[in-house]
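The values are calculated or read from the model by the stated rules, or taken from the named source; none is laboratory data. Small disclaimer: the values here were computed from a predicted structure and weren't measured. Ideal geometry is used to build each Cβ from the backbone, glycine not excepted, and the neighbour counts take in all protein chains shown.
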Amino acid sequence: MVNMHWVRFGVNSIACHYVGTQRMVSSRCMQRECPMKGNDFKRWRKAQGMSQKEAADSLGLKRRVVQYYEKGERGGEPVKIPRTVRLACYAIVSGITDYQGPEREKKSKTKKPKSNKKSADAE
């Protein structure tokens, strides 16, 4: 059975399309031309089956900040959802729960031979 789910971020395009385990993402939605609005954020959270508290915990935010994002304002002033939060939402949808940074190169444990100046001088 093929599982299909559409989540719309912004007015221009559909952001995520699930087909089995494959995910296709519109590049427009991760660019500035299609910012996530409050109702898009709320739709994302509900599509993930998360409460406001769970969304806040998974994004590293306070629950009140999630409420501001969903409402789209704080104290009558508009609230923009930062790109970092939008990217974190995408990471969660993609199944990424943590990132430790790029893999470090392993250093070789072989020691360089020391030059022996005394024995070279003696010859």
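Test K106 against the stated conditions and say whether it is more than 18 Å from N39 (Cβ to Cβ) and part of a loop (DSSP other than H, G, I, E, B).
Numbers: more than 18 Å from N39 (Cβ to Cβ): yes; part of a loop (DSSP other than H, G, I, E, B): yes.
Yes: the conditions hold for K106.
If the requirement is being modelled with pLDDT under 95 and surrounded by 14 or more Cβ atoms within 10 Å (Cβ to Cβ), which of these qualifies: R32, R28, R43?
Details: R32 fails: surrounded by 14 or more Cβ atoms within 10 Å (Cβ to Cβ); R43 fails: modelled with pLDDT under 95.
Residue meeting the stated conditions: R28.
Right, K53: surrounded by fewer than 14 Cβ atoms within 10 Å (Cβ to Cβ), touching a helix residue (DSSP H, G or I) at 6+ places or on another chain (Cβ under 8 Å) and modelled with pLDDT of 95 or more or not? I'd like the intermediate steps shown before the answer.
On the way: surrounded by fewer than 14 Cβ atoms within 10 Å (Cβ to Cβ): yes; touching a helix residue (DSSP H, G or I) at 6+ places or on another chain (Cβ under 8 Å): yes; modelled with pLDDT of 95 or more: yes.
Here the answer is yes, as K53 does meet what is asked.
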